[in-house]
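Structure first, commentary second.
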Amino acid sequence: MENIFTGIAAYIKGLLAGAPPWVQTLGMGLMYLVGVLAFIFLNAIYLIYLERKVSAYMQQRLGPNRLGPHGLLQPVADAVKLLGKEDIIPRGADKWIFIIAPVIIFIPAVMVYAIIPFGKGMIPVDLNIGVFYFLAVASTTTIAILMGGWGANNKYALLGSMRSVAQMVSYEIPLTFSLLGVIMLAGSLQTSQIVAAQEKVWYILLQPVAFLIYFIAATAEVNRAPFDLVEGEQEIIAGPYTEYTGMRYALFYLSEYANLVSVSALAVTLFLGGWHGPWLPSWLWFLIKVYIMIFIFMWVRWTFPRIRIDHLLSFNWKVLLPLSLANILVTGVGIKIYQLLTLGRW
Amino acid sequence: MAVAREDLLTQEIELNMGPQHPSTHGVYRALLTLDGEKVVKVENIIGYLHRGIEKLAEDRTYTQVIPYTDRLDYLAGMLNNLGYVQTVEKLMDIEVPERAEYLRIIMAELSRIASHMIMVASMALDVSGWTAWFPPFRERERILDLFEMTCGSRLTVSYMRIGGVAADIPPGFLPALEAFLDDLPQMIAEMNGLITGNEIFKARCQGVGKIDLETALAYGITGPNLRACGLPFDLRKARPYGIYDRFEFDIPTLNNGDSYDRFVIRLLEMEQSARIIRQAMAGLPGGPVMAKVPRVIKPPKGEVYHQIEGAKGILGFYLVSDGGNKPYRLHIHSPSFVNLGALPRIAEGGNIQDFVVNIASIDIVLGEVDR
């Protein structure tokens, strides 16, 4: 079980062994892409089902239960329905921007998976600047949301996309700073090394404050309640997605759930020991931990009301940012003291 | 280089919020003038649900008007029934049997609780507290079941009649009611745990949409919204109608007059209504539920004004009779309409998110605003 995925990868590599090097690189790249896409789609589709079931559980309802056993086929029906919907482009819309925005938002959502270690030896691209790459790519999501909101030529969409810019640009800073503590401890930006460094002690124990900051900032970063101001239904209908229909709308949602999985996966990689765990295969451990994180995200979403935009920003700049800076300082001092005690030198 | 705010070209935008919008609680439209997200000016635009109920009443017999009153504040149909039939009874000097009076109190207070439940649920929803929508709606379902047991309808009840009520309560009603009242405190505790004490909810509502007592009185705001400003004015105590003078209950008041207080006061009023119902259940006498009234209702020539404490404020009926079997003129003073009039004043200066909270907190029902 442990080597099921790495085995497949090695087999394909073996098949390509005789081919020229560029074919090998291309083939393996395609294989990783297909693997990641399959992972994203399967997760995202069943996350929608999971979200409905979790919210139903919290609200004393049953949730989807008609289609298939326990409503398990509901996501399929939803997908078919969305595919069959008329694709409407508003007359006043900035046509090309409106059309490509949902595609563009999906690109960073897929790209960030490149550095996620899904299990032992299961990392698509082991970049030596992995965490930095993740943050850099993830931050471009804002542009796509702004494009969608601007292109739709709708006031609600514009308000939503403006909120998204204010929110994401602000929350990226404490998000990055919260990860710095872990990077200082591990001494590397490479996700595989960060996971390897957590074999004995998970970084959540050494960096609890950073984990908390990361959790809050990540909630804001992926637009989930209580920070779902971008699509605040009660105020601005669906924000930037107001005018979107059918598959374009579905792409936004797909990328949103893909982002949810990726920030959960990063949390697992950096704070919860990655794929480390006894007895079970490493990739299963990774999945279990990711789903625990996702459940906590959902729990928060279905419990808290939405925060107000000015509170959101002042909380970020006045609480999270100083706290994350203080965390870096304490971590740095702590590392030096540890070195002094164990090695007897700075 | 510092850029002064004046140097930047900023423009106010006008935003039509409604009539199709998730948080306008019906087909209400607000024309907002926005400076960024800040609401500079609010203009109420109503009339999307105008059905001409006052005019329709002129062409129906006095009894036939009762179903129309259900459609005013459709969340508290019993209270509208009560206001109307008491107006006609006042004009005709009809004595209502004791049992009917008690049943009316029970139904009216149940209606009030149901209406307040909608308010707390939808206000929680409007700040995106999705889960808090469910406890009030779960319990409200039981009130509607009680109504259904008694008169066959859940919302548009048409239960009250001129001279009494349409039907006696069926067996099983009182135990079910008792069970509901026993469970009500638990629902209120659930709401308090989930929403009322939540930091984000407090931050969203406290100090938002503040209105002081003088301004509230100047705008003619009544009901829970006025009591949230600190004035213990309740028609059930101030000018008791029916048999309200026989019951013991308090008028809860809060002092801040903000959205948060308008929310909390509904929860407090539910408890008081439950108290009234318990007393009415204890004192429920036997006997008929209809007075002997003529088959064709023909009030004497004249005019009458009667008002009751509705779920949203003072609900008044002005009735002119020309001696025929149809009202010559019926005018309805609806609390939602008056309360909505103060919304521009309440909402100006906040942002869009505050505006949504403000609409929810003054608790409008468009059926009553437009009539």
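The values are calculated or read from the model by the stated rules, or taken from the named source; none is laboratory data. For clarity, every value in this text was computed on a predicted model and none was experimentally measured. So basically every Cβ, Gly included, is an ideal-geometry build from the backbone, and we count neighbours across all protein chains shown. Only protein heavy atoms, including side chains, enter the accessible area calculation; ligands, DNA and RNA are left aside. Shrake-Rupley method; radii C 1.70, N 1.55, O 1.52, S 1.80 Å.
Ordering B:Met78, B:Ile113, A:Leu280 by Cα displacement along the dipole of the protein assembly as shown toward the positive end leaves A:Leu280 in first place; charges were set at the Cβ atoms of Lys, Arg (+1) and Asp, Glu (-1).
If you plug the beta carbon distance of B:Arg275 and A:Glu233 into 1/(1 + (r/R0)^6) with R0 = 51 Å, you get a FRET efficiency near 0.85. Rounded to the nearest 20 debye, the dipole magnitude of the stretch A:89-343 is 140 debye, with +1 charges on Lys and Arg beta carbons, -1 on Asp and Glu beta carbons, and the Cα centre as origin. Its Cα gyration tensor gives the stretch B:171-323 an equivalent ellipsoid. The semi-axes, each the square root of 5 times an eigenvalue, are 34, 25, 12 Å from largest down. Applying Stokes-Einstein at 20 °C and 1.002 mPa s to the Kirkwood radius of the protein assembly as shown, computed over alpha-carbon pairs, gives a translational diffusion coefficient of 74 µm² s⁻¹. Taking one equal scatterer on every alpha-carbon of the stretch A:202-267, how large is log10 of I(q)/I(0) by Debye at q = 0.21, 0.22, 0.28 1/Å? Scattering profile of the stretch A:202-267, log10 relative to I(0): -0.89, -0.94, -1.21. Calculated translational diffusion coefficient of the stretch A:247-307 (4 °C, 1.567 mPa s; Stokes-Einstein with Kirkwood radius over alpha-carbon pairs) equals 101 µm²/s.
Semi-axes of the equivalent ellipsoid for the stretch A:167-220, computed as √(5λ) from the eigenvalues of its C-alpha gyration tensor and ordered from largest down, come to 21, 12, 8 Å. In chain B, the calculated helix contribution to ellipticity at 222 nm averages -13500 deg cm²/dmol per residue, counting -39,500 (n - 2.57) for every DSSP H run with n ≥ 4.
The distance from the alpha carbon centre of the stretch B:269-332 to that of the stretch B:170-209 is 29 Å, rounded to a whole number. Averaged over the residues of B:121-134, the number of partner chain Cβ atoms lying within 10 Å of the residue Cβ comes to 5. Rounded to whole numbers, the Karplus 3J(HN,Hα) couplings from phi for the stretch A:72-79 are 5, 8, 3, x, 5, 4, 4, 5 Hz, using 6.51 cos²θ - 1.76 cosθ + 1.60 with θ = phi - 60°, and x at Gly and Pro.
With semi-axes defined as the square roots of five times the eigenvalues of the C-alpha gyration tensor, the equivalent ellipsoid of the stretch A:1-58 measures 36, 13, 5 Å, largest first. In this view, the solvent-accessible surface of B:Asp182, computed with a 1.4 Å probe and all protein chains in place, comes to about 90 Å².
Quick check: convex hull over the Cα atoms of the stretch A:240-342, volume per residue in Å³, rounded to an integer?
Given the Cα convex hull of the stretch A:240-342, per-residue volume reads 166 Å³.
Placing a label point 7 Å from the Cα of A:Ile328 along the Cα-to-Cβ direction, the residues of the stretch A:152-194 with a backbone N closer than 18 Å are A:169-190. Mind checking which of A:Gly14, A:Gly277, A:Gly187 has the largest fluctuation in a GNM of chain A, springs on alpha carbons under 10 Å? Of A:Gly14, A:Gly277, A:Gly187, the most mobile in the Gaussian network model is A:Gly14. Which residue, B:Phe337, A:Leu82, B:His25, has the largest displacement toward the positive end of the dipole of the protein assembly as shown when charges sit on each Cβ (Lys, Arg +1; Asp, Glu -1)? Towards the positive end, the residue furthest out is A:Leu82.
The share of C-alpha pairs in the stretch B:5-370 whose separation exceeds 28 Å stands at 44 percent. Using a 7 Å offset from Cα along Cα-Cβ at B:Leu56, what residues in the stretch B:308-349 end up with backbone N under 16 Å from the label point? Counting backbone N atoms under 16 Å from the label point, the list is B:327, B:330-332. Taking label positions 7 Å along the Cα-Cβ direction at both B:Glu303 and A:Ile107, the computed distance is 7.3 nm, reported to one decimal. If you take the Cα centroid of the stretch B:82-139 and the Cα centroid of the stretch A:207-262, the two points sit 39 Å apart. So if we plug the beta-carbon distance of A:Ala17 and A:Val125 into 1/(1 + (r/R0)^6) with R0 = 35 Å, what FRET efficiency do we get, rounded to 0.05? Rounded to the nearest 0.05, the efficiency is 0.95. Ranking of A:Lys95, B:Lys326, A:Lys200 by solvent-accessible surface, largest first: A:Lys200, A:Lys95, B:Lys326 (1.4 Å probe, protein heavy atoms only, all chains present).
Of the residues B:Arg236, B:Arg51, A:Arg301, the one with the largest accessible area comes first in the ranking B:Arg51, A:Arg301, B:Arg236, computed with a 1.4 Å probe on protein heavy atoms. Relative contact order of the stretch B:5-370: 26 percent, from C-alpha pairs under 8 Å at least 6 residues apart in sequence.
Residues whose amide H lies under 5 Å from that of B:Arg329, counting only those 5 or more places away or on a different chain, are B:Val320; hydrogens are built 1.01 Å from N in the peptide plane. Modelled label positions at A:Arg91 and B:Leu174, each set 7 Å beyond Cα in the direction of Cβ, lie 6.6 nm from each other.
With no solvent and one equal point scatterer per Cα, compute the Debye intensity ratio I(q)/I(0) for the stretch A:89-343 at 0.11, 0.17 Å⁻¹ and report its log10, rounded to two decimals. The Cα Debye sum returns log10 ratios of -0.60, -1.28. About the centre of its Cα atoms, the protein assembly as shown shows a dipole size close to 860 debye [charges on the beta carbon of Lys, Arg (+1) and Asp, Glu (-1) only; nearest 20 debye]. Mind scanning A:Lys120/A:Lys200; B:Lys38/B:Lys312; A:Lys155/B:Lys312; B:Lys55/B:Lys90 and naming the pairs with a C-alpha gap bigger than 26 Å? As for pairs spanning more than 26 Å Cα to Cα, those are B:Lys38/B:Lys312; A:Lys155/B:Lys312. A simple spin-label model places pseudo-atoms 7 Å from Cα toward Cβ; at A:Val34 and A:Asn153 they are separated by 4.2 nm. When the alpha carbon coordinates of the stretch A:164-303 are projected onto the principal axes, the ranges are 49, 31, 28 Å, largest first.
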